[in-house]
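Since the structure comes first, as structure tokens, the remarks are kept for the end.
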Amino acid sequence: MAKTGTTTQGLRAAIERSGYYPALVAEAVEAAVGGEPIASYLVHQETTFDANEVRRHVTVLVLTANRFIVSHTDEQAADSSSPTPYATTSTESVKLGRISSVVMSRVVANPEAYTPGTLPREVVLTIGWGAVSRLDLEPAACGDPNCDADHGYTGSSTADDLSLRVSEAGDGPDTVRQTLVFAQALSEATAAAR
């Protein structure tokens, strides 16, 4: 379930509607936001299946005039370090000028019949600000099929700080729409911050 909007009260209500440790999540997010006015937000709860366990996870994205704030809360089962289940919450605050990319991937059914304004059946929002990068390397080669020299490696570095997948089938059409709205607001804010 995802919710988006522009007010502190709306953000708290969306966190409470998610039903996922709302007091814990709201306190962490509100501490990170401080007194700044909220330009936009997105609350996305995801349930995953890990072997024989069901795990829940919530991501809260908040846009202010100067910052992008991301909060993740995960629950963990009891383990050797804790005899009871526990949750881990982390928040990160990023200056808008540091955001290097906002990528919105859209999956559209029947693209030959697409009409503007039709919701994609799935979207993936990927945001990069340089905290996490993925390196894909492979051996470099030259055009000579008989060459056995070591040409080193070639590859690419991809910013991969946050990736959020939302689907119409799993999350509903409102969630897809809300993700598009938040992505547009973030994209416009990062363009203005440069």
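The values are calculated or read from the model by the stated rules, or taken from the named source; none is laboratory data. Just so we're clear, the structure is a prediction, and the values are computed from it rather than from any experiment. Glycine gets a Cβ as well: all are built from the backbone with ideal geometry, and neighbour counts include every protein chain shown. Just so you know, the surface numbers come from the protein's heavy atoms only, side chains and all, with ligands and any DNA or RNA stripped out. Shrake-Rupley method; radii C 1.70, N 1.55, O 1.52, S 1.80 Å.
Taking the range 52-103 as the range and being at pLDDT below 95 and among the basic types (Lys, Arg) as the test, the residues that pass are Arg55, Arg56, Arg98.
From the residues in the range 127-143 that are part of a loop (DSSP other than H, G, I, E, B) and under 23 Å from Glu188 (Cβ atoms), which one is modelled with the highest pLDDT? Residue satisfying both the conditions and the ranking: Trp129.
So, of the residues in the range 108-130 that are open to solvent by less than 60 Å² (accessible area, probe 1.4 Å) and free of Cβ contacts under 8 Å to residues at least 40 places away in the same chain, which turns out to be farthest from Gly170 (Cα to Cα)? Quick ask: steps written out before the conclusion?
First, the residues of the range 108-130 that are open to solvent by less than 60 Å² (accessible area, probe 1.4 Å): 108-109, 119-120, 122-130.
Okay, now just the ones that are also free of Cβ contacts under 8 Å to residues at least 40 places away in the same chain, so 108-109, 126, 128, 130.
Working: Val108: 15, Ala109: 15, Thr126: 19, Gly128: 25, Gly130: 30 Å.
Among them, the one singled out is Gly130.
When restricted to residues that are acidic (Asp, Glu) and in a loop (DSSP other than H, G, I, E, B), the range 25-43 contains 1.
Just to be sure, is Val58 more than 20 Å from Ala193 (Cβ to Cβ) and over 19 Å from the mean Cα position of the chain (by Cα)? Talk me through it step by step, then tell me what you get.
Values: more than 20 Å from Ala193 (Cβ to Cβ): yes; over 19 Å from the mean Cα position of the chain (by Cα): no.
Here the answer is no, as Val58 does not meet what is asked.
For the range 144-194, filtered to residues that are among the small types (Gly, Ala, Ser) and part of a helix (DSSP H, G or I), the residue that is nearest to Met104 (Cα to Cα) is Ala183. If the condition is being closer than 24 Å to Ser101 by Cβ and either of a type in the set (Gly, Ala, Ser) or in a loop (DSSP other than H, G, I, E, B) (or both), then the range 44-85 contributes Ala65, Asn66, Ser71.
Taking the criterion of being without any contact (Cβ under 8 Å) to a residue 60 or more places away in the chain and small (Gly, Ala, Ser), the residues of the range 66-89 that qualify are Ser71, Ala77, Ala78, Ser80, Ser81, Ser82.
The condition (being touching a Lys or Arg at 6+ places or on another chain (Cβ under 9 Å), in contact (Cβ under 8 Å) with a residue 12 or more places away in the chain and aliphatic (A, V, I, L, M)) is satisfied by just one residue among Leu63, Leu137, Leu96: Leu96. With respect to (1) within 15 Å of the chain's Cα centre (by Cα); (2) modelled with pLDDT of 90 or more, the lone exception for Asp161 is condition (2).
Residues are listed down the side, and each one gets a yes or a no for (1) surrounded by fewer than 16 Cβ atoms within 10 Å (Cβ to Cβ); (2) of a type in the set (Lys, Arg); (3) in contact with a helix residue (DSSP H, G or I) (Cβ under 8 Å, 6 or more places away or on another chain):
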{"site": "Ile15", "(1), (2), (3)": "no, no, yes"}
{"site": "Ser18", "(1), (2), (3)": "no, no, yes"}
{"site": "Gly34", "(1), (2), (3)": "yes, no, no"}
{"site": "Ala39", "(1), (2), (3)": "no, no, yes"}
{"site": "Gln45", "(1), (2), (3)": "no, no, yes"}
{"site": "His72", "(1), (2), (3)": "no, no, no"}
{"site": "Ala77", "(1), (2), (3)": "yes, no, no"}
{"site": "Val94", "(1), (2), (3)": "no, no, no"}
{"site": "Ser105", "(1), (2), (3)": "yes, no, no"}
